[in-house]
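Accompanying notes for the structure given below.
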Amino acid sequence: MACSSSSSSSDGLNAPDVEQNAGSHDFLMNHSVQSFSWSDLTVSVRDRRTKQPLNLIESVSGSVQQGELVALMGPSGCGKTTLLNVLARRAASSGAKSSGHCYVNGGEVDNATFGRITSYVEQEDALIGSLTVRETLKFAADLSLPGFVSRSERVERIHTLLESFGIQNQASTLVGTPIRKGISGGQKRRVSVASQLITCPKILFLDEPTSGLDSTASYEVISGKTCYYGPVKQVPSYFGSIGYPIPPQTNPAEFILDIVSSDFMSEKNSMRNDVEAIQSAWSQSPESSRLKQQRTEFAEKGSRRVVVDEASRPGLLSITISLLHRLLIKSYRDVVAYGIRIVMYMGLAIMMGTVWLRLGTEQEYIQPFINAIFFGSAFMSFMAVAYVPAYLEDRATFTKERANGLYGALPFIISNFIIGLPFLFLISILFSIVSYWLSNFRPSAPAFFTWVMWLFLDLVAAESLVVLVTSIFPNFVIALALVAFANGLWMSVGGFLVSPNILNPFWKYVFHYIDYQAYVFQGMMVNEFAERIYSCASNGSECNCMQMGWDPAGDYRRL
């Protein structure tokens, strides 16, 4: 990696930090991991133009001792995030191949154990905006801390972290949503770090936000190799010994970044030569040799096994209940989740009820009734696309917490499904109360509640489709387009626009029989027409009845 890296013991920090603030920080102490090291890490991808392997980072090594803070420094695009992802055992890049070794206490550990002793604070703050700062920390604790940690102790830990990060005054403030303003960006960053610290990690990875500078020039010069690794206090002497003395009154970190950065340099060839000289000097330096010797000593001493008590982890039931509680708060606070949808569906109900207002029981009203049934079922499911943004936020939070080893997909899907049921049932009831009686569908309680049941199942299936598509394509525009297309397809082959009896065999046998809208439409048709008699239209003294004896309910029973 072409960035410089510096390390310093926590004992040498002069500025006030988390450990020097008031409160007990015993729960943050690391007593099980003495060292974390990595050897010859290389990450390569296939170059799109040359089709040849391209190294994002190359032969990077390093180590961290218990109580040390290590900073990965370098210009934009030099591979800092790539290295951090590899160290945290995350995907470095799409299609990337990784090689090398990482050791904890001198030995290798499995992914499950590694996930339990580490946490990762990502560049983007994946927080739930409708929760307060205190609630964010509370749920982070509930999802990670073992059962023997009492509620009072959890509250004390939350209070300690709120004070340590200077966000105690914002404890009851919402994180913030696109509609409701919350805490500032810097405060969100503190909440992100605090929510990971409360999980008591032994190793904490933090990826700083990107600067937004062009990364191409930096990578071409740096090529993902190490320029320096060592304590901050040794930076002046080391760079002076290789011919790059630090001028007086100059910040060492800024000086290092200046000599390895090329984003704003006009003479790139000269800059490349300087960086290559620095990289060559490091590979041949005594400091690099000592780093390799240190890794050898770890291996010779043997590894000290990292013990993680699996029984102390929250169980599936406990995690699911915590997720249900969190989603319940989000659902009633965040108007994007269900509030806007309820208003939207009520507007649709009023429109439907007034367009098909008080339909009669003569045969001429049969077709308008059929049209109303199709409109009510099809457009209710079509408007489920409004759930996409809310689910994307839930998915982003799940992705972060799953990567940190808190829980898997099962409790997330279970809690997400269960919490949506009462809201979808409420939408079905409210929509039906308005549209059903205004349109004068079959006026009986069993028929009404059967209609509500079909509408509820319609919404459950539609929202499940949103979850499926958005989980596969976690992009707002793509998910929105695909869900809309799928619902348009179901409307086309559901049996209303074209009867299944004459539908093209391909569409009938491939899509019609898996179309949830088709079954909802058929159920509503039978519910409306099976036990209702429509009189012939009267014209003065004559009675004009429809010929051919059309039986709508019978037709849809036979489908």
| request: List every residue whose amide H lies under 5 Å from the amide H of LYS202, counting only residues 5 or more places away in sequence or on a different chain, with H placed 1.01 Å from N in the peptide plane. | output: THR118
| Debye intensity ratio in log₁₀ form over the Cα atoms of the stretch 316-530, taken at each q of 0.08, 0.13, 0.15 Å⁻¹ | -0.31, -0.78, -0.99
| task | Go through the stretch 114-122 residue by residue and turn each phi into a ³J(HN,Hα) via Karplus (6.51, -1.76, 1.60, θ = phi - 60°); whole Hz please, and just put x for glycine and proline. | result | 4, x, 6, 9, 10, 9, 10, 9, 7
| When only Cα pairs under 8 Å and 6 or more residues apart are kept, what is the percent relative contact order across the stretch 316-530? | 29 percent
| field | Long-range amide H partners of MET73 with built H, under 5 Å | value | SER4, SER5, SER6
| remark: Descending packing, highest mean Cβ count within 10 Å first, for 492-498, 158-164 is 158-164, 492-498
| remark: So for the stretch 427-537, using the alpha carbon gyration tensor with a ≥ b ≥ c as root eigenvalues (a/c under 1.5 gives rounded; past that, a/b versus b/c decides prolate or oblate), I'd call it oblate
| said: Amide H of VAL64 versus every other amide H placed in the peptide plane: which residues, excluding those fewer than 5 positions away on the same chain, fall under 5 Å? | reply: PHE36, SER37
| field | With 10 Å bins from 0: P(r) over the stretch 429-485, alpha-carbon pairs, percent | value | 22, 34, 22, 19, 3
| said: With 27 Å as the cut-off, how large is the P(r) tail for the stretch 40-185, expressed as percent of Cα-Cα pairs? | reply: 44 percent
| query | Which pairs break 32 Å Cα to Cα here: LYS225/LYS400; LYS51/LYS233; LYS330/LYS508? | reply | LYS51/LYS233; LYS330/LYS508
| query | Picking from PHE456, SER415, GLY347, whose Cα lies most toward the positive end of the charge dipole for the stretch 316-530 (charges on Cβ: Lys, Arg +1; Asp, Glu -1)? | reply | SER415
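All of the numbers you see were taken from the coordinates with simple rules; none came from a lab. Here the structure is a predicted model, which means the values were calculated and not measured. Positions of Cβ are generated from backbone atoms using ideal geometry, with glycine treated the same way; all protein chains shown enter the neighbour counts.
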